[in-house]
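The structure appears below as structure tokens.
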Amino acid sequence: MEYVIQQGLNALSFGAEYALLALGLAIVFSIMGLVNFAHGEIIAVGGYTMVAFAALAIGNPVIVMAGAVIAAMLASLTLERVAFRPVRKADPTTGLLTAFGVSIVLQNVFLMFVSPRPIAVTSLYFLDWPIEIAGIRLASLQVFETLTTIVVIVALMLFLRRTVLGLAVRAASLDFEMVRLTGIKANRVFAMAFLISGLLAGLACIFIMARRGSVDPHLGFDPVLKAFVACVVGGFGSLPGAVLGGFLLGAVEVAMLVMLPQSLGGMTDAFVFMIVALILIWRPDGILSPAIEKGDKL
Amino acid sequence: MKKIGLTLAGLAVAAAPAFAADTVKIGLAVPMTGDYAPYSEFQGAKCMAEKINADGGINGMPIELFIQDTGSDTQTAVSLAQKFLDDGVVMLGTIPFSDTMIPVAQVAAGYGVSIFQPQSTQVEMHAGIVDNFFTGVSPDPFTATAAANHALKQGVKNVVLFTSDEGGSWSARTPLWFGDVIEANGGKVQAKLNFSFGTSDWSPQIAEIKALDTPPDAVYISSIMPDVGVLVRQLRSAGIDAWVIGSDGFDDPSLDAIGSDDPSLLDKVFFATLAPSHEDSAVVKFMKECEDMGFEVGGLFPATGADTIMAVKFGVETAGSLDPAAVSDAIRSADSVPVLTVDSISFKDTKTYAQRTIPVIGYKDGKRVLITNDIPANVPTDWN
Amino acid sequence: MTPARPLIDEGRASQADRMLTIQDLHVFHGPIEAVHGISLNVERGKCISLLGPNGAGKTSTISAITGIARATGSIRFEDREISADSVEARIASGIAVSPEGRRIFSNLTILENLTLGAALQRDQAEKGRDIDHWFSLFPILAERRDQAAGTLSGGEQQMLAIARALMARPKILLLDEPSLGLAPKIVRQIFDLIGTLKDKGMTILLVEQNATQALKLADYAYLMSSGRIVAHGTADELGKSDKLMAELTGVA
Amino acid sequence: MIRLSQSQRSGLVGAALLAAVLVVIGVATLYFGSRYQIRLVYSAYVNLIVVLGLQVFMGNARITNLSHSAFMGIGAYAAALCVTPENIKKISLPAAPWGLADFSLDPVLSAAIAIVITAVLAFLLGLFIVRLTSIGATIVTLAVLVIVHAVFLYRTDIFKGNQAFFGIPQVFDLGWVVGIAILAVVVCRLFRESRWGIQLRASADDEVGAAAMGVQIYKLRLIAWVLGAVILAVAGICYAYFLGTISARPFYFNHVFLTLAMLILGGMRTVTGAVLGTFLISFGLEGVRYLETGPVLLGIDLPEALGLSGIALGAVIVLTMALRPTGIMGNREIETLFVRKTF
């Protein structure tokens, strides 16, 4: 029983990380249909910022964490301006390919200007210590990450429901042009979505770095691939869908790791992606796909 | 007029190294970018070649290095190898995986040229497919055995093995050979757990370990940084005090970093690797010298390129010729070839892999210490 | 087809009363020109109607005024050339639109739709008063203020779209086919509402296919066909015109 | 005499022009190129066949496919398993199930079997993929890529995973691959101008409209998908029959992005675009790779710039998408550059 609870909590914290990342993808997707594969490189920007702080001998964890988050937000904003603005009105495929291109460029920029090898960042190790409650052992990091994800979801919900810009972001997912016709500046809405996306990437970066303790050019690719899957499973561009997809994926992945017989252990990823494919065949737009009923656009 | 004549003569002398016959050419079609970029040996090779050239070269001939990036792509590596072969190299280096080494060796065979790979420990290269290559290290069963022998000395009985197919036999079978040696000496493999490269949360596997009837004395994993560092920390914070034992993938400066705040994290970590890499080892000294010379050699893997250059130097000097086949024969038949990473290696009995001591490296107060450095005698034999 | 007279009927209104003046407007959808050089005038406090059959270019004209569609020609709003302005700037200068197809934000609640309508209104108290005001005028919306707007009926959605536009406190209201697809009873309600707005002094540009209803309200009307203005005049003049019936019914 | 439509005739003209280009490059390389250049050009032609296989589906159905390298891998492995001599398989695949190590076939039969296997697998997967919306289909192709890669990695007893599958007879040379590439160009061009191709492109522009006209979109997509997979299998076979050694690695993300970039740059809507993009990137990257290692150029000692080729590749994708989303060629095929428009 303890074992089951333990693995259940593991699934929860896996899911929290995927949900955090998937939300970052979904908020951008929802307003401009862009599958931002460069999200992983935004995370890496945060990681390399921590390296820079370490090189400058700045060890204050608050500064390091805030710096990483701010760097990720700025990077996200910059990408919106430089790379994604020209394809704003393009179809999702053009956006997806642009994002792939951006991702390749950034990975190689890290390789060129920093190093292809992992660089250790130990400044966030302090976030991780063991907690034991009623015989169940948890890492503090798991708790922090799950709590952060919950706080982020609540904060995001408040932002999206209580502020004009938040309402605009939600409305834009349905009919961007109509949002402009209420007088809200399109650039502000896009900037806000990318800013939030960058913020979420920055927060995820803190946890990923605290856990891995090092950064390399490919840092973000795998987690974002998974988050992307979560996003799709939950429903493209649906924020609740991203959260649902994230936790679902966490559960599936832990279940696969634990329940697949050892002889099939190497197939974990194959099974996870097979489930994704099946969900998509069952519901081509994901489980919680938002209703698309755009008005006539000119 | 005279002056001009002299100047021209001076130019001719200065240009001399460019003439084909007068340089020892070595071609490295290596992964400088892409997936395998962290394992490229070119920096160490560059530095060692520069050092030898500064000392007058090999038999008076300077070393000329051809280095190009393969982007970790096999076809590019083969094409570049072809180019270097046509340029007249005496030895080739390439991507340290069999899917590239085999076709490169096949192309090189027509030229009598061999490959020298200073770090590839995988066994499949030694199955008799091609014979014109050297790996400057011993295959994985040797490192697994060296690690197991030290583990047995520490009283390890029960072990958990982490395996993955992603790194070929290196990550899939090395743990099993480790387990074989442990079981041959009365120990027990309690469980085999699967993992993927890039894992940053080991909690499902850790929960499996916690669910075992008796806690393991050791876990063995053949994986890379930063995954290994993450595993060590997460095992310790889960209260698992077992030894964490591994192979050359542990040999990365970022492993040491996890002990920067709490050195005790590394107290029960050791690994069998390619070369001694503790504080006053030859490799670390070499890296410092290179830094003074303006070359950045960022760890053991990049440093191993020095072995390639030293082996070629030995081969050319011994053969007294630049004929690639003669150079390879000289290396292959020598009792002892001097290299940087260990005192010497020999291919006399093994043909394609180096017979050499296997260093086992552990930690004391967060600093690397060389525990043993022997040739293990009880290596499993089912690998070839 | 008779081309429209290129010049505005100068005698109709004094320069100062003109709120919106369009001259030689061409509108494009991609490479296709949908409107071929029209000119029209909307005077302050008046209700001007733009009539015409489907595909005449009425909605394109509205899109050109709001800046959504690519267009050439002159658009002057309150004596200022706005044809180079962004969509947002035009809205900010006092143009509001209730577009064709209503385009309410169906995933937002009614209250949220209205809040977005007043996106440029900084004063929260004012915003609250406006919302209360429109709720009092549309009690059905008030009842369902926290429901998703997508659950409303077509007529209710149309009222919401108009209310959302009014939340911006516009100087001119562009209404694009407000009666489209609604039951006759609802259509009457909508036109009653537009009448009320007109009585309160709102300047309105009303795009309609429903000429009978529109002409009842309009002070002046333009008739469009195939991207050109083919006739214009007061409601009475146009109402008697054969051209109107011919254009709207397709019988020449 | 089969009566060809106007577009089919111009398609043949275009294919002939492209074939001429391919022959000229191939022959020039064979006679004037070094062995190194021959190898480079060979791999460019293999990539060309991949890009053509990608173009058939992506260009006509306009659905981004990310699984093409997986089908190339399936073709390569299937052929390799058939053609590799038994004595080598006994060494390399000692634990192979189903008697896979107990037979070997001649290269032509092996290639045929590989093509059939790939086509059948593609057909079965295609049944699901063609029914999805654009981005959903893309995700499922991504899943296919990951799953196929995992199977290659995990079934080491059959595929050897990340170890080398070696001993494949090296029966192809540059002449072969030039011939096969020309064949692929002709097939792609004829498909594009066939009734199926035209209807498929029309349905990509206007799905609802085409469906209303009675176009069976799913069927047409499926045909393009399977045809593409067959061409990809051929590319895989060309890869395996030349190199003699394969592994799971060349058939994964890096190759997916590289070939995708080629198609995007040239323009996915046309066969000419596929050819142009492939050669521009193949040869362009060689130049960049040379610069990367910091050579001395015109007396200037350039600094080492590792990663430059990756940056160039990514930048090509981003810039193409921003400036010319339909690629260099757009909707134009080669013959329109030479032949005055007569229709």
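Quick rundown of the values:
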quantity: Qualifying position, being among the hydroxyl-bearing types (Ser, Thr, Tyr) and either without any contact (Cβ under 8 Å) to a residue 12 or more places away in the chain or more than 8 Å from every other protein chain (Cβ to nearest Cβ) (or both), among D:282, D:247, D:309; calculated: D:282
quantity: Scope segment D:163-183; condition assigned to a loop (DSSP other than H, G, I, E, B) and in contact with a Gly (Cβ under 6 Å, 6 or more places away or on another chain); matching residues; calculated: D:163, D:168, D:170
quantity: Of all residues in segment D:106-131 being over 19 Å from the mean Cα position of the chain (by Cα) and free of Cβ contacts under 8 Å to residues at least 12 places away in the same chain, the one that is nearest to the other protein chains (Cβ to nearest Cβ); calculated: D:124
quantity: Answer from B:72, B:120 - the residue that is part of a loop (DSSP other than H, G, I, E, B), more than 15 Å from the chain's Cα centre (by Cα) and polar (S, T, N, Q); calculated: B:72
quantity: Restricting segment A:73-104 to residues that are over 23 Å from residue A:236 (Cα atoms) and open to solvent by less than 30 Å² (accessible area, probe 1.4 Å), the residue that is nearest to the other protein chains (Cβ to nearest Cβ); calculated: A:104
quantity: Search result, residues across segment B:187-241 that are within 29 Å of the chain's Cα centre (by Cα), of a type in the set (Lys, Arg) and within 21 Å of residue B:146 (Cα to Cα); calculated: B:192
quantity: Whichever residue in segment B:345-373 is farther than 29 Å from residue B:313 by Cα and assigned to a loop (DSSP other than H, G, I, E, B) and, among such residues, is most open to solvent (accessible area, probe 1.4 Å); calculated: B:365
quantity: Subset of segment B:159-180 that is away from chain D (no Cβ under 14 Å) and among the aromatic types (Phe, Trp, Tyr) - its residue that is surrounded by the most Cβ atoms within 10 Å (Cβ to Cβ); calculated: B:178
quantity: So residue A:16, is it open to solvent by 10 Å² or more (accessible area, probe 1.4 Å), more than 14 Å from chain D (Cβ to nearest Cβ) and among the small types (Gly, Ala, Ser); calculated: no
quantity: Residue selected from segment A:115-135 under the condition among the small types (Gly, Ala, Ser) and more than 17 Å from residue A:44 (Cβ to Cβ), by the criterion least open to solvent (accessible area, probe 1.4 Å); calculated: A:135
quantity: Which numbered condition residue A:112 fails, given (1) within 10 Å of chain D (Cβ to nearest Cβ); (2) open to solvent by less than 20 Å² (accessible area, probe 1.4 Å); (3) more than 21 Å from the chain's Cα centre (by Cα); calculated: (2)
quantity: Segment C:219-233, subset hydrophobic (A, V, I, L, M, F, W, C) and within 15 Å of the chain's Cα centre (by Cα), residue farthest from residue C:27 (Cα to Cα); calculated: C:221
quantity: Any pair with Cβ under 7 angstrom, 6 or more apart, that starts in segment D:91-105 at a residue that is within 18 Å of residue B:127 (Cβ to Cβ) and ends at one that is at pLDDT 85 or above and loosely packed, with under 14 Cβ neighbours inside 10 Å; calculated: D:101/D:86
quantity: Qualifying residue in segment B:133-148 (condition: open to solvent by 10 Å² or more (accessible area, probe 1.4 Å) and farther than 30 Å from residue B:48 by Cα); calculated: no
quantity: Residue within segment A:20-39 that is in a helix (DSSP H, G or I), away from chain D (no Cβ under 14 Å) and farther than 26 Å from residue A:165 by Cα present; calculated: no
quantity: Restricting segment B:118-128 to residues that are touching a residue at least 24 places away in the same chain (Cβ under 8 Å) and within 13 Å of chain D (Cβ to nearest Cβ), the residue that is surrounded by the fewest Cβ atoms within 10 Å (Cβ to Cβ); calculated: B:127
quantity: Single match in A:101, A:40, A:59 (criterion: within 28 Å of residue A:186 (Cα to Cα), more than 16 Å from the chain's Cα centre (by Cα), small (Gly, Ala, Ser) and at pLDDT below 95); calculated: A:101
quantity: Failed criterion for residue B:230 (all others in (1) open to solvent by 20 Å² or more (accessible area, probe 1.4 Å); (2) in contact with a Lys or Arg (Cβ under 8 Å, 6 or more places away or on another chain) hold); calculated: (1)
quantity: Restricting segment D:302-343 to residues that are acidic (Asp, Glu) and either assigned to a helix (DSSP H, G or I) or at pLDDT below 80 (or both), the residue that is nearest to residue D:286 (Cα to Cα); calculated: D:304
quantity: Single residue of segment C:190-219 satisfying the filter (surrounded by fewer than 16 Cβ atoms within 10 Å (Cβ to Cβ) and part of a helix (DSSP H, G or I)) that is nearest to the other protein chains (Cβ to nearest Cβ); calculated: C:196
quantity: Enumeration of residues in segment B:73-101 that are of a type in the set (Ser, Thr, Tyr), facing chain D (nearest Cβ under 10 Å) and touching a helix residue (DSSP H, G or I) at 6+ places or on another chain (Cβ under 7 Å); calculated: B:74, B:79, B:98, B:100
quantity: Helices (runs of 4 or more DSSP H) enclosed by segment C:90-155 - at least 2 residues per element that are open to solvent by less than 60 Å² (accessible area, probe 1.4 Å) and in contact with a Leu (Cβ under 8 Å, 6 or more places away or on another chain); calculated: C:110-117, C:124-137
quantity: Of all residues making up segment B:233-248, the number that are open to solvent by less than 10 Å² (accessible area, probe 1.4 Å) and either at pLDDT below 85 or facing another protein chain (nearest Cβ under 7 Å) (or both); calculated: 0
quantity: Residue B:57, sole failed condition from (1) open to solvent by less than 60 Å² (accessible area, probe 1.4 Å); (2) at pLDDT 90 or above; (3) under 17 Å from residue B:89 (Cα atoms); calculated: (2)
quantity: Hey, residue A:42 in contact with a Gly (Cβ under 9 Å, 6 or more places away or on another chain) and either open to solvent by less than 10 Å² (accessible area, probe 1.4 Å) or not in a loop (DSSP other than H, G, I, E, B) (or both) or not; calculated: yes
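Matching residues to (1) at pLDDT 90 or above; (2) out of contact with any Gly (no Cβ under 8 Å at 6 or more places or on another chain):
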position	(1), (2)
B:91	yes, no
B:97	no, no
B:119	no, no
B:142	yes, yes
B:157	yes, no
B:169	no, yes
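Per-residue answers, yes or no, for (1) in a strand (DSSP E or B); (2) more than 13 Å from every other protein chain (Cβ to nearest Cβ); (3) open to solvent by 10 Å² or more (accessible area, probe 1.4 Å):
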{"site": "A:165", "(1), (2), (3)": "no, no, yes"}
{"site": "A:168", "(1), (2), (3)": "no, no, no"}
{"site": "A:171", "(1), (2), (3)": "no, no, no"}
{"site": "A:183", "(1), (2), (3)": "no, no, no"}
{"site": "A:187", "(1), (2), (3)": "no, no, yes"}
{"site": "A:194", "(1), (2), (3)": "no, yes, no"}
{"site": "A:198", "(1), (2), (3)": "no, yes, no"}
{"site": "A:226", "(1), (2), (3)": "no, no, yes"}
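The values are calculated or read from the model by the stated rules, or taken from the named source; none is laboratory data. The model shown is predicted, which means the values in this text are computed figures rather than measured ones. Glycine also receives a Cβ, built like all others from the backbone with ideal geometry; neighbour counts cover every protein chain displayed. Side chains are part of the model used for accessible areas, which takes the heavy atoms of the whole protein and leaves out ligands, DNA and RNA. Shrake-Rupley method; radii C 1.70, N 1.55, O 1.52, S 1.80 Å.
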